[in-house]
Amino acid sequence: MSALALVNGVNAAITPMFSLTDFDFGLDRIVLGLFSGLTYGLLAIGLVLVYRSSRFVNFAHGSVGAFGASVLALFVVDWGAPYWLSFLLAIGVAGLLSAGIEVLVVRRLTGRPALIGMIATLGLSQFILIMALVINTDGISGFTFPKPPYLPTWEIDSLPVGPPYIAMFILGPLLLWGLAVFLRRHRLGMAVRAAADDPDAAQLEGIPARRMATLVWGLAGGIAAFSAILVTPTTSGQGLDGLGADLLLKGLAGAVIGRMTSIPIAVAASLGIGVFEQLLLSNPDTRSLVNVAIGLVIVIALLRQPILGRASKERGGWRRVVVPPLPEAYRTVRSIVWLPRVLMCMVAMAVFGLAYVVSNETASILTSVAGYTLVGLSVGLVTGVSGQLSLGQFAYAGIAAAASAHVVDATGSFVFGIVAGVASAAIASVLIGIPAMRLKGLALAVSTLAFALATTSWLLRTDLFLGDGLSPASPTVFGYPVTFAVDYYLFALLMLAIGIWFTNNLRHSGFGRSLQALRDNEEAGRAFTVPARLRKFQLYAVSGVVAGLGGVVIGHGQTSLTVNSFPASASIDVVALTVIGGLTLTIGPLIGALIIVGLPAIVTLSTAGQAALAISWLLVVILLPDGLGGVLINVRDRIYDGLARRAGVDVEVARHGPGEPSTSPLQGTMRLEGLVERPGPASDGPVAGLAPVLTVAGLSKRFGGVVAVDHADFEVAPGEILGVIGPNGAGKTTCFEMVAGFTRPDAGRVVYDGVDVTKATPEQRAIQGLVRSFQDAALFPTLTVRETLMIAQERTDPTGLWTASIGVRTGERAKRVAAEELMERTGLTPYANRMISELSTGTRRVVELTALLALEPKVLLLDEPSAGIAQSESDALGDLLLSIRRELGTTMVVIEHDLPLLSRLCDRMIAMNLGRVVATGTPDEVRNDPAVVRSYLGSEQAAIHRSGAHTAPAAVVTDPALTRAQPVAP
């Protein structure tokens, strides 16, 4: 293909080929669209119900429906059963199947991230579709699928409307009405809604939340079967194996528009999607664009939604994404040092030597394994490191293969072809990842699923990409044409080695650590100056590069390259092989590819064998959180422990240290002098004569009709500690969120150090020295203390993508040294290798304060620093905060419910109520304010006495009205 032809192809692709007159807007089309949309609306209802119950998208929803349709075909066609009896039985079977999924699979994943649930339903989807084919060996399709009997055929504008549409018209509204009555009026329906809204509260009210979740899944499965049974006869020649994904996409569109919460909006949107689909089908030029258009609808809906569920807040259940480092004592044992090196050399020699002993057919299979492994490495970056699920990685590989083939054909340079391929995949990955900039997990999974289906059904079929097929050129290495499969296998092996080296560097660098921090706790990561959006863009780009490299390997290894070389189902396969191999191990995708790709190619599997393979990787997801790679890591650790014992190393001490200190780091002696450069002059209080370092002017924020903050005003002088009190719902934390940049105010300004930072991001404010803490001090549960302190140094020494990708470790060594010094000064050295999730609240608080100090703040915003810590640690915390001000000159704004502690700390105090600042002055003045006594302190004496008698001023102790303090929270 010449360069001119390539340009002409681009022009043809972007030139409008149709106008509105090419579409049929007749009544018949509108009616058919409404009928179809009604069915999609029912699918959307099932998706919404499951999402509200389990907080993830059930990717097996469409497959459950297809299975129900297959059961009906079995009953009617093979067994001759009456249609309507079979209709009810098939719906019941699908409902029981879906309920069984909740009991046997979903419940087993309780406490793990929602992303794992979505991955599990991907495995279930494949297994269920295979079982649907097993019970329908005759290959039932839309042409031969049973149609509802005893129903007439109508004609609307000469277009026949057959029994399936009539059934939709009659039964669809009845089902909607019945479902609405059940959810709104029936005792079980109201219990279902309550359990979906708040399972814990429902459990306290005596509602069995788990049983309600099972009921929801059963209802959703029955609804999916109802939809699939009535849709299948209208799909022409489409088989049941392709019906699941197609139904899922159309149901997802309405559900996403309804924000996965509103059933009425989801149904209304689905009706519109059904009409839109019929309009596209009425034009021969747009019939292949249905999935593309629906995908665009989904992406637009995602972009218009600032929050979809609460996936972005999810923190629990994640696993580490890199193998834990070896204990320092092990690094001096020669056998442990040399064993992995010898094994790597042996493996390298073995895989290289295979080229000279295997046949061309086996070499082609191994080449496919290498290509799939590369795409799996990209999944490992997106899913394992950043905690998002992409179902479009194989689509990016297809784009890269097509781009590389065209460029090699046009230029004759294979190097240019590789560059063009990986660049095109990176661009596609970034563009499709845009909806996920604000959301996590769900947005990327949904948008990439839509993209994968659109790529297969339309994009790769255009002449710009693969068209009717290409014959890609074989690479030439130093003038030697790589034409034989065994020779090409060596080239694929080289590309695989480069991909593994590149990916391993990223995973073990500050880049990978930053992404892991954002995955664990994005808000804390941003407070530590990790540039969230930039890192995500970089992640999508590098994952696209790796996937594109896999596409190049697969594409040029085939004699004929067609759209069938990159099916949408392959994107699920690469997720499967990555999870099977293990997200913790860099080479995990290689282990999975050998099983998922290599094994079926070498040993032809029957349908039962394929089902067993699908259920096997589902079991790995459920039973082995770290995959088969985790098993290998455990075996490695046992071998290393044995070698260490033989060398005289105390394994327990080497791995876990001499034991946790008997006292908290808060109660130890900390050396803060000279820790960071002082932001201001030394002082034990506010510095007079200087302009305020922080000014909050007229800040306001509403959430719907609720006024959270109402024209809040206050100033903070350099070196001052300002306390903030107020009852629950007073707006304290929301005000903090706006000052720190995590929430955009509706009105007002934030001026920091003389600069208006109202529109600045949290990262930008933290870089300038305006830093905040968080109530729970959760930090990053899967990072160690040392790694957390290294994250905090991204402000002064940010990790570059290029240096990380090529393995430059200079910056990493400097961060490690700095982290060691920080730990030594603050008494955290014994906890260096402990994960944050293993620490007590008090120790986590010290880690958080140490990390915040590493950011060299001028102003610290502390949100309830004493929350969750012991009484004995509370006094020590007060001493520490005063020491920070004394030694480092740090200004602080402190929200605190421990009033005696706060009175001891702060120079001034403000009180908030209903979003307004209602009192300002010294601690005594605010505590004696009649409005504060009446509205804030209440009648509970716990808070006033919490820090001991020494913290309470005498005037306050003698006044009963002022000793009735209650703990307050935002």
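The values are calculated or read from the model by the stated rules, or taken from the named source; none is laboratory data. Keep in mind it's a predicted model, so treat the numbers as computed, not measured. Because the Cβ atoms are built from the backbone with ideal geometry, glycine has one as well, and the counts that use them run over all protein chains shown. Quick note on the areas: whole protein, heavy atoms, side chains included, nothing else; ligands and nucleic acids left out. Shrake-Rupley method; radii C 1.70, N 1.55, O 1.52, S 1.80 Å.
If you check F465, F451, F484 for being among the aromatic types (F, W, Y) and surrounded by fewer than 23 Cβ atoms within 10 Å (Cβ to Cβ), only one passes: F484. Remark: pairs (first residue in the stretch 404-416, open to solvent by 70 Å² or more (accessible area, probe 1.4 Å); second residue in a loop (DSSP other than H, G, I, E, B); Cβ separation under 7 Å; 6+ apart in sequence or on different chains) = D409/M1; D409/A473.
Each row is one residue, and each column tells you yes or no for (1) in a helix (DSSP H, G or I); (2) open to solvent by 40 Å² or more (accessible area, probe 1.4 Å); (3) within 24 Å of A69 (Cα to Cα).
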residue	(1), (2), (3)
D246	yes, no, yes
L249	yes, no, yes
L252	yes, no, yes
M260	no, no, no
A269	yes, no, no
E277	yes, no, yes
N283	no, no, no
V290	yes, no, yes
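When you look at L219, is it open to solvent by 30 Å² or more (accessible area, probe 1.4 Å), under 36 Å from the mean Cα position of the chain (by Cα), modelled with pLDDT of 90 or more and aliphatic (A, V, I, L, M), yes or no? Yes; evaluated as a whole, the condition is true for this residue. Taking into account only those residues within the stretch 74-102 that are surrounded by fewer than 16 Cβ atoms within 10 Å (Cβ to Cβ) and over 24 Å from I170 (Cβ atoms), which is modelled with the lowest pLDDT? Looking at the filtered set, the residue picked out is D78.
On the basis of being open to solvent by less than 30 Å² (accessible area, probe 1.4 Å), at pLDDT 90 or above and out of contact with any Phe, Trp or Tyr (no Cβ under 6 Å at 6 or more places or on another chain), does V71 make the cut? Yes. Considering the stretch 566-594, and only residues there that are open to solvent by 20 Å² or more (accessible area, probe 1.4 Å) and over 22 Å from the mean Cα position of the chain (by Cα), the residue that is farthest from G629 (Cα to Cα) turns out to be P567. Taking V968, is it modelled with pLDDT under 85, farther than 17 Å from A730 by Cβ, open to solvent by less than 50 Å² (accessible area, probe 1.4 Å) and touching a Lys or Arg at 6+ places or on another chain (Cβ under 9 Å)? Against the criterion (modelled with pLDDT under 85, farther than 17 Å from A730 by Cβ, open to solvent by less than 50 Å² (accessible area, probe 1.4 Å) and touching a Lys or Arg at 6+ places or on another chain (Cβ under 9 Å)), V968 does not qualify. S872 satisfies every condition listed in (1) polar (S, T, N, Q); (2) open to solvent by 10 Å² or more (accessible area, probe 1.4 Å); (3) not in a helix (DSSP H, G or I) except (3). Scanning the stretch 586-637 for residues that are assigned to a loop (DSSP other than H, G, I, E, B) and closer than 27 Å to N136 by Cβ yields V603, T604, L605, S606.
Selection over the stretch 170-211 of residues that are in contact with a helix residue (DSSP H, G or I) (Cβ under 6 Å, 6 or more places away or on another chain) and either of a type in the set (V, I, T) or within 30 Å of T232 (Cα to Cα) (or both) gives a count of 6.
Look through V31, V48, V57 and report the one residue that is assigned by the TED database to the domain that holds L230, of a type in the set (A, V, I, L, M) and outside any helix (DSSP H, G or I). Answer to the check: V57. Within the stretch 160-202, the set of residues being farther than 30 Å from G111 by Cβ, surrounded by fewer than 13 Cβ atoms within 10 Å (Cβ to Cβ) and not β-branched (V, I, T) comprises P160, P173, L174, W177, G178, R184, R185, H186. Answer with yes or no whether G123 is surrounded by fewer than 18 Cβ atoms within 10 Å (Cβ to Cβ), of a type outside the set (D, E) and either on the phi < 0 side of the Ramachandran plot or in a helix (DSSP H, G or I) (or both). Considered against the rule, which asks whether it is surrounded by fewer than 18 Cβ atoms within 10 Å (Cβ to Cβ), of a type outside the set (D, E) and either on the phi < 0 side of the Ramachandran plot or in a helix (DSSP H, G or I) (or both), G123 comes out as no. Residues in the stretch 907-927 that are open to solvent by 40 Å² or more (accessible area, probe 1.4 Å) and part of a loop (DSSP other than H, G, I, E, B): D907, L914, T922. Only helices (runs of 4 or more DSSP H) whose full extent lies in the stretch 439-554 are considered here, and the ones with at least 2 residues that are under 30 Å from I365 (Cβ atoms) and assigned by the TED database to the domain that holds V357 are 442-457, 485-507.
Yes or no, residue by residue, for (1) among the basic types (K, R); (2) open to solvent by 50 Å² or more (accessible area, probe 1.4 Å); (3) at pLDDT 90 or above:
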{"site": "T476", "(1), (2), (3)": "no, yes, no"}
{"site": "Y480", "(1), (2), (3)": "no, yes, no"}
{"site": "A497", "(1), (2), (3)": "no, yes, yes"}
{"site": "R507", "(1), (2), (3)": "yes, no, yes"}
{"site": "G525", "(1), (2), (3)": "no, no, yes"}
